[in-house]
Amino acid sequence: MAVYLDNAATTRPCEPAVSAVFQNMVEDYGNPSSLHALGLKAEQNLSEARKSIAAALVCDPQCITFTSGATECNNTAVFGTVKNYGKRKKKIVVSAIEHPSVAEPIKYLEEKEGFEVVRIKPSRGGEIAVEDFIDAVDENTCLVSCMLVNNETGSIQPVRKIFSYVKRNFPECVTHCDAVQAFMKLPIKSAELFADIIVVSGHKVHAVKGVGAMYVRKGIRVAPLLMGGGQEKGLRSGTESVPLIAGFGAAVRALMPTMSVAYSNAEEIKAYLLKKLAKLDYITVNSASENSSPYITNFSVKGIRSEIMLHFLESKEIYVSSGSACSKGAHSSVLTAMGIPDKLADSAIRVSIGRTTTKGEIDLLVNAVQEGYQSLAKAK
Ligand code: PMP
């Protein structure tokens, strides 16, 4: 049996999600905007999913917009807010460890639209200091963006503290949080986060790829990227993918009741992994020991390039990532921003556990890493 330890890249869709997708493809296949019974049924299924995502974020369902995924949500959040709020205020403050779906739109605004961008670097452990954000944000800032859990290292960012300062002192500045790696893992209450926009993705939470959702606080004006039929209250035109959205809602309902049990299990598995890794002197753990998600562990294997180790593990049917799946082997900007030397960054492995990961699977992983190190280091 394969050992899947790449859950931060994507997760296996759960049975309730797959059934809901199927049901909405073969039975309830109407267009939710149609006025007949089949359309109404699709609209009801859409609305049920919206309520489920809203319940998980503790917000009004009216604040939830469905899109094709977190990449689209993050692009909409960045471009859609500066269109309205960035006319006179031309400064953006963002963490230096954002996912490319946040970092790239902001880089575009910097290079093509003349925005001033301040990127806040993390500590060696990967955490952003609240004070650095406080120092950087001023009355010219239209957008502040900080993710909740980093996808490469699992570091948990002090988003609530940063955003509460921003909203208290600069209420017109929009606060945006990419919560993709935190959603359905850590409890997220939209109001307590002081976020104007929160972004989540379906396929990271046992739903299907190609669906995401964004919470937009009432009163925040986000301009749409897509214009057309005016679906999703005009923020995202295009017929909603009801099957994928219904699957997303079903996955969230299935995971909700056991979130905290799953979190404790993940903590136990991570502690077990770290204890085993600590015995190997050629391993450096890049994830911080505190304020870190139990679901993600990043470590480097001395002298063995990430991809070489990744493929060695793959030959044993153990699946992990080098850095993040999105960087596709390119140098990790996250580890570099943390001040991790290139040699270590080049040998980084990300292990992202899931709800079904067992200690037995961790044993298989660590044994394979040991075997890999011995044979690969010898072969050099
Ligand atoms: N943000 C983060 C933190 C992510 O990990 C990912 C997925 N790698 C995304 C955004 C993009 O999500 P999606 O695949 O739904 O576009």
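Every number here is computed from the coordinates shown, using simple stated rules; none is lab data. What you see is a predicted model; the values in this text were computed from it and never measured. When we count neighbours, we look across all protein chains shown, and the Cβ atoms used for this are built from the backbone with ideal geometry, even at glycine.
Annotations
- Across Lys209/Lys279; Lys91/Lys121; Lys209/Lys233; Lys87/Lys112; Lys41/Lys233, pairs whose alpha-carbon gap is larger than 26 Å: Lys209/Lys279
- Dipole magnitude of the chain about its Cα centre (Cβ charges: Lys, Arg +1; Asp, Glu -1), debye to nearest 20: 280 debye
- Positive-end ranking of Val102, Ala136, Thr71 along the dipole of the chain, with charges on Cβ about the Cα centre, is headed by Ala136.
- Span from the the range 182-250 Cα centroid across to the the range 253-280 one, whole angstrom: 27 Å
- Here the contact order of the range 210-369, divided by its residue count and restricted to Cα pairs under 8 Å and six or more residues apart, works out to 20 percent.
- Near Val3, the amide H atoms lying under 5 Å from its own belong to Ile318, Tyr319; only residues 5 or more places off or on other chains count, and H is placed 1.01 Å from N.
- Within the shell defined by Cβ-Cβ distances under 13 Å, the residues around Gly69 carry a net charge of +1, with Lys and Arg each +1 and Asp and Glu each -1.
- Taking all Cα pairs closer than 8 Å and separated by 6 or more residues, the relative contact order of the range 5-159 comes to 17 percent.
- Averaging the sequence gap over all C-alpha pairs within less than 8 Å and six or more residues apart, then dividing by the number of residues, gives the chain a relative contact order of 24 percent.
- On Cα atoms only, tilt of 15-26 relative to the major axis of the chain in degrees: 40 degrees
- Among residues other than Ala348 with Cβ under 13 Å from its Cβ, the summed charge is 0 (Lys and Arg +1, Asp and Glu -1).
- Debye intensity ratio I(q)/I(0), log10, the chain, q values 0.08, 0.09 Å⁻¹ (C-alpha model): -0.42, -0.53
- Sequence-distant aspartates and glutamates (8 or more away, or on other chains) whose Cα lies within less than 12 Å of Lys90: Glu110, Glu113, Glu116, Asp138, Glu139
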